[in-house]
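Q: Below is one structure. I have some questions about it.
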Amino acid sequence: MLRGLGVSPGIAIGPAHVVEAGAVQVPEYVLMPDAVEAEVERFSAATEKARRQLRKLQGKASLLPGAAAEDVAILLEAHLAMLSGSRLIRGVERRIRAERQNAEAAVQAEINAIAQSFAGMDDAYLSARIADVREVGRRLVRNLMESPFQAFSMVPAGSVILAEELTPADTALMDPRRIAGFATLLGGAEGHTAIMARSLGLPAVLGAPGLLQGIQNGDMVVVDGLSGRVHLNPQTSVLDEYRRRSASWRAEREQLKTLSRLPAITRDGTEVTLHANLELPRELDTALELGAAGIGLLRTEFQFMNRDDLPDEDEQYETLRGIVERMDGRPVTARTLDVGGEKLATALRQHFGDPANPALGLRAIRLGLKEPRLLETQLAAMLRAAAHGPLRILVPMVVTMAEMRAVRTMLHAVARRLHRRGVKLPPVLPRLGAMIEIPGAALSADSLSTVSDFFAIGTNDLIQYTLAIDRGDEQVAHMYDPLHPAVLRLVQFTVEAALRSRIPVSVCGEMAGDPRYTPLLLGLGVRELSMAPANLPLVKRRTRCLDLIEATRRADSIMIQSDSGRIATLLDDFNDAAG
Ligand code: PEP
Ligand code: MG
């Protein structure tokens with residue numbers, strides 16, 4: 001039994017499918033003479049990335065029990081050694097320079113050559129090294145090819161996916177009707193892979209040390225996404241117990257569906273708006289089935305994932321229109337592209353380079369304003385979709401008033417251009433809102449409220465940037481604390497600024513979908529929460545048994561605390577008293 005972070009509830013039981021790093025078709029081509037040095041550079045970058053990955057895995061290995069920690073550390077050390085000044089590296093560079101082979105093909109050829117020279121030796125130690133050389137080669141090829149698209153459609157139905165690391169884009173390719181769930185060695189609880197898992201309703205555990213040791217395809221696995229436990233080849237009694245728990249978990253979920261047609265109203269009569277966050281259009285059915293009053297956050301990144309080109313205006317428009325029409329008069333809040341940091345789109349990669357601090361770099365609206373064509377295309381598609389139903393536009397990672405003004409100017413210009421083209425537009429332009437997810441934005445919420453039509457508080461990034469905790473890093477996941485007084489003060493400050501300026505304010509980070517925080521957020525004055533569809537019934541149940549006056553009092557007493565442990569106790573006691 002292994003322990004990791006339970007990031008998406010539910011229990012997956014099934015045969016393991018181990019994702020092999022870099023099991024992809026390697027392209028082969030001859031380089032033009034003037035492209036050779038750039039190719040050597042590209043190979044060096046892939047090598048450096050591999051070193052970083054291996055060092056990260058080393059950090060993880062130290063958490064393994066007993067002798068396993070040392071065994072894995074030795075192995076990783078050997079892999080690292082193969083990446084500096086080794087025969088492999090020299091050989092690949094020579095092939096690129098002398099034979100003008102592309103880097104992927106050069107890695108493949110060099111690995112085969114090394115394996116052949118080892119194969120001639122009758123030495124058990126060296127033959128074990130062949131497997132290591134191949135593994136390092138696969139890692140290099142995968143880095144060179146930059147996130148190959150995983151072919152999960154070929155995986156046997158009912159499989160549990162096990163991998164070193166999965167990107168949000170990899171996760172988006174998992175069909176919950178075919179894949180039972182997944183577990184990874186790396187990854188934090190609030191990163192987008194975790195959010196994608198929750199959206200898809202896939203039970204998932206991330207950051208489980210020792211996950212890939214001695215496991216074979218087809219071995220039986222249990223992933224418990226609530227407790228964070230992963231059982232490899234469990235005994236029959238353990239399997240039976242999990243089958244029972246899985247059945248009762250599903251029965252409880254079914255039972256909760258009965259709430260979907262009831263209003264989200266507190267015991268003392270205040271109405272709360274519960275919206276759904278959408279990662280992928282295929283979640284729409286669940287959102288509607290579970291009673292979403294609208295879409296509070298449409299993450300448009302899905303339109304850019306798992307492809308090498310960019311979607312044009314018509315394609316984006318058709319997708320958005322489909323969603324707006326399906327929502328049938330309920331509001332849709334479409335966010336402009338939020339790539340960069342941990343979320344990358346292959347076709348936009350050339351804009352990013354390899355920044356030292358991607359989370360602080362060129363991402364989200366910063367990219368949109370630097371590459372106006374990208375943002376204009378999105379705004380045009382959103383404007384056209386707004387002619388088919390209520391749509392608001394949300395701007396991610398805003399930190400200055402100038403950014404909001406620039407987007408608004410662009411929105412007006414795009415609308416004029418569309419009008420000249422004779423395109424059908426909504427009678428009034430969509431409202432333009434700011435995501436408040438950077439501490440600096442929260443602290444200037446009063447000024448930002450003068451240039452924004454609404455606010456959406458993104459607690460995921462707000463926590464990450466306030467506490468300087470990478471939301472996707474399992475090593476610091478225990479310090480990611482939504483109840484840190486600094487975070488709560490920023491939320492409170494933002495809500496108060498919005499209320500003073502009479503603009504709507506919602507919370508759309510993961511905090512909004514956890515019923516534990518419902519009394520606190522409502523007590524702070526929030527009346528609109530947006531969450532993964534599966535959480536809608538849980539938050540509605542909590543809202544319906546909540547006394548808002550009491551919750552406001554409790555929020556007041558929480559806000560004068562300086563210790564998050566004390567805050568957690570005050571909040572949990574309040575929740576427990578409500579039963
Ligand atoms: C957030 O940061 O809280 C948020 C909702 O946006 P994302 O998770 O997409 O960064
Ligand atoms: Mg965010």
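Q: Select from region 151-204 the residues that are open to solvent by 50 Å² or more (accessible area, probe 1.4 Å) and either touching an Asp or Glu at 6+ places or on another chain (Cβ under 7 Å) or hydrophobic (A, V, I, L, M, F, W, C) (or both) and list them in ascending order.
A: Residues satisfying the conditions are 151, 154, 157, 173.
Q: Do we find a residue being over 21 Å from residue 400 (Cβ atoms) and either more than 16 Å from ligand 2 (Cβ to nearest atom) or open to solvent by less than 10 Å² (accessible area, probe 1.4 Å) (or both) anywhere in region 494-502?
A: Yes; the residues of region 494-502 include at least one that is over 21 Å from residue 400 (Cβ atoms) and either more than 16 Å from ligand 2 (Cβ to nearest atom) or open to solvent by less than 10 Å² (accessible area, probe 1.4 Å) (or both).
Q: Condition first: of a type in the set (Lys, Arg), farther than 26 Å from residue 294 by Cβ and crowded, with 16+ Cβ neighbours inside 10 Å. Now tell me which residues in region 364-406 satisfy that.
A: Result: 366, single match.
Q: Taking helices (runs of 4 or more DSSP H) that fall entirely within region 164-261, which contain at least 3 residues that are touching a residue at least 60 places away in the same chain (Cβ under 8 Å), within 16 Å of ligand 2 (Cβ to nearest atom) and in contact with a helix residue (DSSP H, G or I) (Cβ under 8 Å, 6 or more places away or on another chain)?
A: 192-200
Q: Follow-up question, since we're still on this one. Name every residue in region 414-437 that is of a type in the set (A, V, I, L, M) and either open to solvent by 40 Å² or more (accessible area, probe 1.4 Å) or in contact with an Asp or Glu (Cβ under 7 Å, 6 or more places away or on another chain) (or both), in order of residue number.
A: Hits for region 414-437 are 414, 425, 428, 429, 432.
Q: If I filter region 305-334 down to residues being basic (Lys, Arg) and out of contact with any helix residue (DSSP H, G or I) (no Cβ under 6 Å at 6 or more places or on another chain), which single residue comes out as most open to solvent (accessible area, probe 1.4 Å)?
A: The extreme case among them is 330.
Q: Let me ask something else about it. Report, by residue number, each residue of region 233-253 that is open to solvent by less than 80 Å² (accessible area, probe 1.4 Å) and within 26 Å of the chain's Cα centre (by Cα).
A: Matches in region 233-253: 246, 249, 253.
Q: Check whether at least one residue in region 211-232 is within 26 Å of residue 186 (Cα to Cα), surrounded by fewer than 17 Cβ atoms within 10 Å (Cβ to Cβ) and touching an Asp or Glu at 6+ places or on another chain (Cβ under 6 Å), and report yes or no.
A: Within region 211-232 (the criterion being within 26 Å of residue 186 (Cα to Cα), surrounded by fewer than 17 Cβ atoms within 10 Å (Cβ to Cβ) and touching an Asp or Glu at 6+ places or on another chain (Cβ under 6 Å)), the answer is no, since none of the residues qualifies.
Q: Could you give every pair whose Cβ atoms fall below 6 Å, whose first residue belongs to region 46-72 and is among the hydrophobic types (A, V, I, L, M, F, W, C), and whose second residue is open to solvent by 70 Å² or more (accessible area, probe 1.4 Å) and at pLDDT 70 or above, counting only separations of at least 6 or pairs across chains?
A: That search, which allows pairs on different chains as well, returns 69/62.
Q: From (1) farther than 19 Å from residue 499 by Cα; (2) surrounded by 18 or more Cβ atoms within 10 Å (Cβ to Cβ); (3) away from ligand 1 (no atom under 12 Å from the Cβ); (4) at pLDDT 95 or above, pick out the condition that doesn't hold for residue 463.
A: Just one mismatch for residue 463, condition (3).
Q: Looking only at region 365-399, count how many residues are in a helix (DSSP H, G or I) and in contact with a helix residue (DSSP H, G or I) (Cβ under 9 Å, 6 or more places away or on another chain).
A: 22
Q: In the list 422, 433, which residue meets the criterion of being at pLDDT 95 or above and either over 24 Å from residue 324 (Cβ atoms) or away from ligand 1 (no atom under 13 Å from the Cβ) (or both)?
A: 422
Q: If residue 356 satisfies all but one of (1) aliphatic (A, V, I, L, M); (2) outside any helix (DSSP H, G or I); (3) within 16 Å of ligand 2 (Cβ to nearest atom), what's the number of the condition it fails?
A: If we test residue 356 against (1) aliphatic (A, V, I, L, M); (2) outside any helix (DSSP H, G or I); (3) within 16 Å of ligand 2 (Cβ to nearest atom), just (3) comes out false.
Q: Of all residues in region 36-52, which are of a type in the set (S, T, N, Q) and surrounded by fewer than 17 Cβ atoms within 10 Å (Cβ to Cβ)?
A: Result: 44, single match.
Q: Continuing with this model, one more query. Under 8 Å between Cβ atoms, at least 6 apart or on separate chains: pull out the pairs that start in region 402-430 with a residue that is farther than 23 Å from residue 445 by Cβ and assigned to a loop (DSSP other than H, G, I, E, B) and end on any residue that is open to solvent by 100 Å² or more (accessible area, probe 1.4 Å) and at pLDDT 95 or above.
A: 425/419
Q: If you check every pair at least six apart or on different chains, which have Cβ atoms under 6 Å apart with a residue in region 449-469 that is closer than 14 Å to residue 481 by Cα and more than 10 Å from ligand 2 (Cβ to nearest atom) first and a residue that is open to solvent by 10 Å² or more (accessible area, probe 1.4 Å) and assigned to a helix (DSSP H, G or I) second?
A: Listed by first residue and then by second, the contacts come to 466/439; 466/486; 469/479.
The values are calculated or read from the model by the stated rules, or taken from the named source; none is laboratory data. Fair warning: this is a prediction, and the values are worked out from it, not measured in the lab. Every residue, glycine as well, gets a Cβ built from its backbone with ideal geometry; the counts of neighbours run over all protein chains shown. We work out accessible area using only protein heavy atoms, side chains counted, and drop any ligands, DNA or RNA first. Shrake-Rupley method; radii C 1.70, N 1.55, O 1.52, S 1.80 Å.
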